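Please treat every number below as a calculation from the coordinates, not as lab data. Predicted, not measured: the structure shown is a model, and the values here were computed from it. FYI the Cβ positions are ideal-geometry reconstructions off the backbone, even for glycines, and counts take in every protein chain you see.
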Amino acid sequence: MAKTTDKRSKTRVPLKGKVRHSEYQVLGTPVFHENAAIDLSGGGISFETSREYRVGNLVLLEVELEGDRLQLLVCVAWIKKTGPGAYQVGAELMALDPAHKARLKGHLDRMSHARPVRKKKTARKKAVTKKAVAKKKPAKRKSL
């Protein structure tokens, strides 16, 4: 199985709770659907939905963070079918009111500092000692 790489340049924080979403309309009243949010970063969001969006669709989102409701306009970057009538959507933030942008940044800063940061495992180099080198040398053969 191919190893996937995370292409996000911004730290993502897991979200608990609901996200309301509706396909963006210039005119008319949006019809919101409510589903679970997965995670959020300064550049995008992922959420679950029963609606089949297409890559490139503009979606109006309402996300509640710490009691503060933010409205975001996002563009669907990817969609993955997770079951019958169930999808996971990844979307890029497109337009954000400056006041909402400042509030979002504040929430993300608090949320990223509140959660424990897992350190990446790094390979440790073994200390090379004279004993270790001596053990690795093959014994010399005596010639007959």
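What does the net charge come to around A99 if you take all other residues with beta carbon closer than 12 Å to its beta carbon, with K and R at +1 and D and E at -1?
Working: positive: K101, R103, K105; negative: D68, D97.
Around A99, the surrounding residues sum to +1.
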Exercise. What is the magnitude of the charge dipole of the range 13-113 about its Cα centre, with +1 placed on the Cβ of each Lys and Arg, -1 on the Cβ of each Asp and Glu, and no other charges, expressed in debye to the nearest 20?
Worked result: 100 debye
Problem set entry | aspartates and glutamates whose Cα lies under 18 Å from that of K16, excluding same-chain neighbours fewer than 8 positions away | E34, D39, E48, E62, E64, E66, D68, D109
For this session: Apply the Karplus parameterisation 6.51 cos²θ - 1.76 cosθ + 1.60, with θ equal to phi minus 60°, to every residue of the range 82-88 and state each ³J(HN,Hα) to the nearest whole Hz, in sequence, with x for glycine and proline.
Result: 10, x, x, x, 10, 9, 10
Seminar exercise, completed: Scoring only Lys, Arg, Asp and Glu (+1, +1, -1, -1) among other residues with Cβ under 12 Å from the Cβ of C75 yields -1
